[in-house]
Amino acid sequence: MRGLKVVEMPAIGPVPFCGMLLADLGADVLRLDRPHTAGLGEPLDTACDDLGRGKRSLVVDLKAPSSRERVLAILEKADVVIEGFRPGVMERLGLGPEVALRRNPRLVYGRMTGWGQHGPLAASAGHDINYLALTGALHAIGRSGEAPVPPLNLVADFGGGSLYLALGILSALHERQSSGAGQVIDAAIVDGASSLMTLAYALRRQGLWRDERGANSLDGGAPWYDSYRCLDGEYVCVGALERKFFVELMGLIGLDADDFPDHMDRACWPALRSVLGRTFAQRSRDAWCALLEGTDCCFAPVLSMAQAAEHPHLKARGTFADPGTGMQPAAAPRFSRTPGRAGHAAPAPGCGGEQALRDWGVEGHPPTGAAEARSDR
């Protein structure tokens, strides 16, 4: 994505994460920051703002009438703009898609909202847990007989939001190669989260999924797809869904798979869970790792975030990296010719923005030479 110019409007969560993904893959992301970003006149701790890595910053007061023309001049030179305001806010600022596309017909205008650009809830506030709840996903996650459990903000905000916005942007850029025209992307988190539930809805339609938490094959209801406490209080997990993997698991841990000839039979699940629970409780997590890791029984230790970066497999792949600001997830996915990378630390508000305008050739900021442009990246 080298050479792709992306404007990131002020936002939290899904929009900055999408911007980070694009920056990791080589895009030149210019983040427009509000004055006094932290709310008290102090800049955010950029060393911990991993979502801002690899970007440049320009401080703009979007509410000031004088800012409108400056932002539009920037959008004229941009390939993509991403924003996460409620519907109508960009229009009230005079920066809506109709105005922006008139100034730059090739612009890909990515709009990230929770509820979407239209619908009864479109103007309402919300967060990941609310969007997850409306799609049926939150109802399906948790232990039987207990309250639903939000899976961090991974599924709705980042899965159904950021990743679908990024997919929309790449699709629009591909289409632009033939049409020469940009377009608007309505990336609603409720739409993306619902899309992620496609398999679960398909299983439900076939009668293979119950509207009951902790009662299904992939939600911890099946004993061969769950986590177990070990002798040292740590946990391991197994995902022996297929029969051949289940047979291998049982054999390796000293049990007889023939005692459970149909491991898919829900009637045997309570007994099987009891046997597995007692068995895993007899050894430490490290002992089970020594026996089971690298086999086909679909096993893994349950690691904390502090432990994950030290696991030999993730270390071998470089899944976590320290670009100079502390250990964090590395760029993904991997490419054979044009690898991505976790860029420099997030900029303090205003850092690098004027240079970006010169690099982009925004009116009043003539472009610099290539060498000077690279020095700011």
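Side notes on the structure shown:
- Qualifying residue in segment 87-110 (condition: within 21 Å of Val6 (Cα to Cα) and under 20 Å from the mean Cα position of the chain (by Cα)): yes
- Residues in segment 122-159 that are over 15 Å from the mean Cα position of the chain (by Cα) and among the charged types (D, E, K, R): Arg143, Glu146.
- Among the numbered conditions (1) among the hydroxyl-bearing types (Ser, Thr, Tyr); (2) under 18 Å from the mean Cα position of the chain (by Cα); (3) more than 29 Å from Arg358 (Cα to Cα), the only one that Ser162 does not meet is (3).
- Filter pass, Arg92 being over 17 Å from Pro14 (Cα atoms), in contact (Cβ under 8 Å) with a residue 24 or more places away in the chain, of a type outside the set (Phe, Trp, Tyr) and assigned by TED's automatic domain parsing to the domain that holds Arg56: no
- Residue count for segment 258-272 under the criterion of being outside any loop (DSSP other than H, G, I, E, B) and buried (at least 17 other Cβ atoms within 10 Å of the Cβ): the result is 2.
- Single residue of Pro347, Pro261, Pro301 found to be of a type outside the set (Phe, Trp, Tyr), in contact with a Lys or Arg (Cβ under 6 Å, 6 or more places away or on another chain) and modelled with pLDDT of 95 or more: Pro301
- In the set Ser179, Ser227, Ser274, only one residue is within 30 Å of Pro105 (Cβ to Cβ), among the hydroxyl-bearing types (Ser, Thr, Tyr) and either touching a Cys at 6+ places or on another chain (Cβ under 7 Å) or free of Cβ contacts under 8 Å to residues at least 24 places away in the same chain (or both); that residue is Ser179.
- For His313: the one exception among (1) within 30 Å of Leu58 (Cβ to Cβ); (2) surrounded by fewer than 15 Cβ atoms within 10 Å (Cβ to Cβ); (3) modelled with pLDDT of 95 or more: (1)
- In segment 316-333, residue modelled with the highest pLDDT [restricted to those that are of a type outside the set (Gly, Ala, Ser), in a loop (DSSP other than H, G, I, E, B) and surrounded by 11 or more Cβ atoms within 10 Å (Cβ to Cβ)]: Thr319
- Of all residue pairs spaced 6 or more apart or on separate chains, those with beta-carbon atoms under 6 Å, a first member in segment 348-362 that is free of Cβ contacts under 8 Å to residues at least 24 places away in the same chain and a second member that is outside any helix (DSSP H, G or I) are Arg358/His365; Arg358/Thr368.
- Restricting Thr135, Thr46 to those that are modelled with pLDDT under 95 and β-branched (Val, Ile, Thr) reduces the list to Thr46.
- Asp286 at negative phi, of a type in the set (Asp, Glu) and modelled with pLDDT of 95 or more: yes
- In segment 1-16, the residues that are under 14 Å from the mean Cα position of the chain (by Cα) and surrounded by fewer than 22 Cβ atoms within 10 Å (Cβ to Cβ): Ile12, Gly13
- Number of positions in segment 279-313 that are aliphatic (A, V, I, L, M) and not in a loop (DSSP other than H, G, I, E, B): 8
- Any hit, segment 239-252, residues being more than 33 Å from the chain's Cα centre (by Cα) and acidic (Asp, Glu): yes
The values are calculated or read from the model by the stated rules, or taken from the named source; none is laboratory data. What you see is a predicted model; the values in this text were computed from it and never measured. Because the Cβ atoms are built from the backbone with ideal geometry, glycine has one as well, and the counts that use them run over all protein chains shown.
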